[in-house]
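The structure appears right after this line, and notes come after that.
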Amino acid sequence: MFRRHLLLTALTTLALAPAALHAQDNTAGDIVVAHIGPFTVLPAPDARELNAGMTAALAEINGRGGIQGRKVSLITLDDAYSFEGFRSQLDKAMDSKPVALLAPLGSVTLKRMLDSQLLDSTDIVILNAVPGAGVLRSPGHPKLFHIRASDDQQIRKILAHARTLNIRSMGVLHQDIPIGTSGLAAARTAAAAENGIEVVAAAASTDAPAITAAAKALAQANPQSALVIGAPKFVGESIAALRAAGITQQIFTLSYLPAPALAKFAGAGARGVGIAQTFPNPSGVKLPLQRAFRAAMEKTHPDLKTYTTFHMEGYVTARVLAEAARRARSINPTGIAQSLRAMGEWDLGGYRVDFSRGNAGSDWVDIGVVSGDGRLLY
């Protein structure tokens, strides 16, 4: 019996050895975080702007001595907007033992990540997946934390706003990918809650003829407004197609296409488009967060003259990660996750996050309107 006890003890020690070494590796040197996104394939600048916001925040944090005396190092990798690319780059990132993956982008990629149970076998937490599609949140994953308000919350805000404008019907042009299909379902639910706004739907792939056909079908239905849901390039091309098909009514979309990028896609047709926003105006100066963001961006990226909400989102994501690491008992993925849940409501200066009730940290939504010169007005 005694020999059996010794054998079990030895086996347990050997089994725990890799974990102990891993924990030891996370107590010295730089704190590593990763950003994997479509930097070269996706025409919209979302990933690059998220990254610029992150680097500004981390430069600010490192300039103040880092976290618990350690610098924060950011690994940036291009997944070419595919799940295969994402999985390959995640494997490469894991060689550096990052404690968190910040703001990965793409509903198809992230849905396949969940369906393949990739997170179950990877020692990392994800902070602020983009987009906020319902299929990524229900049921979601314990290692997947969301800062931005969900697509459902954005759509509810848009439908409630439409109701105040006495809009009784809305055409929904959606891309046939998870963000589009779950967005259409959310629009129908929100429309029913707003005293029965009628929804007319049209789906399309990213092919130009398919988008043109869907836009013409909605124009023939003559709704009082339109909502476009999909990836940034799809949204820009769809809004241009709706205008070309004769839709002069109010058009809305979600927070994934910055106003300047929309203006490039749709030209004069971008004017008046309402874009849901999940972060404060990056051009504002009223909130302490806005002032801190602008100071960090000006110092780190002096050549940038205008900022988008993706710059702000990247900045906020890195700030939230840093605060969780600062409060963590152990700066490793498990410690970061525990710290996020334990930190309660945290105010960044006019924008609050709170993971104490679940893995969604914010429900902040506003609607901006694109001006004639391609700026977003709140």
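The values are calculated or read from the model by the stated rules, or taken from the named source; none is laboratory data. Being a predicted model, the structure only gives us computed values, none of them experimental. We place every Cβ from the backbone using ideal geometry, glycine too, and count neighbours over all the protein chains shown. Quick note on the areas: whole protein, heavy atoms, side chains included, nothing else; ligands and nucleic acids left out. Shrake-Rupley method; radii C 1.70, N 1.55, O 1.52, S 1.80 Å.
Looking at R326, R352, which is the one that is open to solvent by 60 Å² or more (accessible area, probe 1.4 Å), more than 15 Å from I147 (Cβ to Cβ), in contact with a strand residue (DSSP E or B) (Cβ under 7 Å, 6 or more places away or on another chain) and among the charged types (D, E, K, R)?
Testing whether each residue is open to solvent by 60 Å² or more (accessible area, probe 1.4 Å), more than 15 Å from I147 (Cβ to Cβ), in contact with a strand residue (DSSP E or B) (Cβ under 7 Å, 6 or more places away or on another chain) and among the charged types (D, E, K, R) leaves just R326.
Find the residue count for the range 126-139, including only residues that are open to solvent by less than 20 Å² (accessible area, probe 1.4 Å), in contact (Cβ under 8 Å) with a residue 60 or more places away in the chain and assigned to a loop (DSSP other than H, G, I, E, B).
3
For the range 364-378, which residues satisfy the criterion of being charged (D, E, K, R) and over 17 Å from L227 (Cα atoms)?
D373, R375
Cβ-Cβ distance below 6 Å, separation of 6 or more or different chains: which pairs start in the range 279-306 with a residue that is closer than 21 Å to V365 by Cβ and end on one that is aromatic (F, W, Y)?
P280/Y351; N281/Y378; P282/Y307; L289/Y351; F293/Y315
Under 9 Å between Cβ atoms, which residue pairs at least 6 apart in sequence (or on different chains) link something in the range 362-375 that is within 13 Å of V273 (Cβ to Cβ) and open to solvent by 20 Å² or more (accessible area, probe 1.4 Å) with a partner that is in a loop (DSSP other than H, G, I, E, B) and among the aliphatic types (A, V, I, L, M)?
V369/V273
Looking at (1) exposed (fewer than 15 other Cβ atoms within 10 Å of the Cβ); (2) part of a strand (DSSP E or B); (3) polar (S, T, N, Q), find the lone condition where S73 falls short.
All conditions are met except number (1).
Could you give every pair whose Cβ atoms fall below 7 Å, whose first residue belongs to the range 58-69 and is over 12 Å from D30 (Cα atoms), and whose second residue is hydroxyl-bearing (S, T, Y), counting only separations of at least 6 or pairs across chains?
Listed pairs, sorted by first residue: A59/T300.
Quick one: in the range 76-94, which of the residues that are of a type outside the set (A, V, I, L, M) and closer than 23 Å to L304 by Cα is least open to solvent (accessible area, probe 1.4 Å)?
First pass over the range 76-94, keeping only residues of a type outside the set (A, V, I, L, M): 76, 78-79, 81-89, 91-92.
Then keep just the ones that are closer than 23 Å to L304 by Cα; that gives 76, 78.
Values: T76: 65, D78: 45 Å².
The selected residue is D78.
Could you list, in sequence order, all residues of the range 160-182 that are more than 24 Å from R137 (Cβ to Cβ), of a type in the set (D, E, K, R) and either modelled with pLDDT of 95 or more or part of a loop (DSSP other than H, G, I, E, B) (or both)?
Residue satisfying the conditions is R168 alone.
Suppose we filter A192, A149, A133, A185 for residues that are over 23 Å from A325 (Cα atoms) and at pLDDT 95 or above; which single one remains?
Details: A192 fails: at pLDDT 95 or above; A149 fails: over 23 Å from A325 (Cα atoms); A133 fails: at pLDDT 95 or above.
Exactly one of A192, A149, A133, A185 is over 23 Å from A325 (Cα atoms) and at pLDDT 95 or above, namely A185.
From I239, I211, grab the single residue that is among the β-branched types (V, I, T) and either at pLDDT below 95 or under 24 Å from D373 (Cα atoms) (or both).
Just a single option satisfies the conditions, and that option is I239.
Taking interchain pairs and intrachain pairs at least six residues apart, which have beta carbon atoms under 8 angstrom, with the first residue in the range 97-108 and over 25 Å from P232 (Cα atoms) and the second assigned to a strand (DSSP E or B) and open to solvent by 10 Å² or more (accessible area, probe 1.4 Å)?
Final answer for the pair search is K97/V32; P98/V32; P98/I75; V99/V32.
Those residues that are under 26 Å from P139 (Cα atoms) and either surrounded by fewer than 21 Cβ atoms within 10 Å (Cβ to Cβ) or without any contact (Cβ under 8 Å) to a residue 40 or more places away in the chain (or both), I need them from the range 202-228; list them, please.
Hit for the range 202-228 is A203, nothing else.
Quick check on the range 332-368: of everything there that is within 12 Å of P280 (Cβ to Cβ) and among the aliphatic types (A, V, I, L, M), which residue is farthest from the chain's Cα centre (by Cα)?
Among those residues, the one meeting the criterion is L348.
From the residues in the range 257-297 that are among the polar types (S, T, N, Q) and at pLDDT below 95, which one is most open to solvent (accessible area, probe 1.4 Å)?
Once the filter is applied, the top-ranked residue is S283.
State the number of residues belonging to the range 229-246 that are open to solvent by 10 Å² or more (accessible area, probe 1.4 Å) and in a loop (DSSP other than H, G, I, E, B).
Residues in the range 229-246 being open to solvent by 10 Å² or more (accessible area, probe 1.4 Å) and in a loop (DSSP other than H, G, I, E, B): 3 in total.
Of everything in the range 30-61, what is assigned to a strand (DSSP E or B) and open to solvent by 30 Å² or more (accessible area, probe 1.4 Å)? Give them in sequence order. Before the answer, list the steps.
Restricting attention to the range 30-61, the residues satisfying the condition of being assigned to a strand (DSSP E or B) are 31-37.
Those that are assigned to a strand (DSSP E or B) and open to solvent by 30 Å² or more (accessible area, probe 1.4 Å): none in the range 30-61.
From the list I179, I158, which residue is open to solvent by less than 10 Å² (accessible area, probe 1.4 Å) and in contact with a helix residue (DSSP H, G or I) (Cβ under 6 Å, 6 or more places away or on another chain)?
Details: I158 fails: in contact with a helix residue (DSSP H, G or I) (Cβ under 6 Å, 6 or more places away or on another chain).
Going through I179, I158 in turn, just one is open to solvent by less than 10 Å² (accessible area, probe 1.4 Å) and in contact with a helix residue (DSSP H, G or I) (Cβ under 6 Å, 6 or more places away or on another chain): I179.
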